[in-house]
Amino acid sequence: MKFNDVVEVIKGLSTDEKEEIQLLLNQYILEERRDEIYENFKLAQVEQQQGELKFSSNINELRQLIEE
């Protein structure tokens, strides 16, 4: 099924059904973002263990690190 087909099917649903789809989509998006954050966290842990992360409280040093 193509995206346009899905859109057309959704247009034909009742308001309650559309609201339910909206709630489900919001929930799915939040779950995907949580998974992405968790994956980034795990990658950062590995980088830290391998000594690849750099930390600083000096603002100029932080700016240089961002530009690298």
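The values are calculated or read from the model by the stated rules, or taken from the named source; none is laboratory data. These figures come from a predicted structure and were not determined experimentally. Heads up, the Cβs are rebuilt from the backbone with ideal geometry, glycines too, and the neighbour counts pull from every protein chain shown. These accessible areas exclude ligands, DNA and RNA; they are computed on the full protein's heavy atoms, side chains included. Shrake-Rupley method; radii C 1.70, N 1.55, O 1.52, S 1.80 Å.
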For the chain: accessible area per residue (Å², 1.4 Å): 98 Å²
Can you pull out the GluC sites (Glu not before Pro) in the range 1-62 whose DSSP state is coil and whose Cβ has at most 16 other Cβ atoms within 10 Å? Glu52
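Restricting to DSSP loop positions (anything but H, G, I, E, B) with no more than 14 other Cβ atoms inside 10 Å of their own Cβ, which chymotrypsin sites (Phe, Trp or Tyr not before Pro) remain in the range 26-68?
Those that pass, being in a loop and sparsely packed, are Phe55.
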Of all the C-alpha pairs in the range 9-48, what % are more than 16 Å from each other? 54 percent
For the range 1-65, which whole-number percentage of the solvent-accessible area (1.4 Å probe, protein heavy atoms only) is attributable to carbon and sulfur atoms? 53 percent
q = 0.15 Å⁻¹, the chain: log10 I(q)/I(0) [Debye, one scatterer per Cα]: -0.70
Pairing the Cα long axis of helix 15-49 with the longest principal axis of the chain, what angle in degrees results, from 0 to 90 and rounded to the nearest 10? 20 degrees
Here the net charge surrounding Leu43, from other residues whose Cβ is less than 13 Å away from its Cβ (Lys, Arg +1; Asp, Glu -1), is -4
Which net charge results when you count Lys and Arg as +1 and Asp and Glu as -1 among the other residues whose beta-carbon is under 13 Å from that of Leu25? -3
Order Ser56, Ser14, most accessible first, counting only protein heavy atoms with a 1.4 angstrom probe. Ser14, Ser56
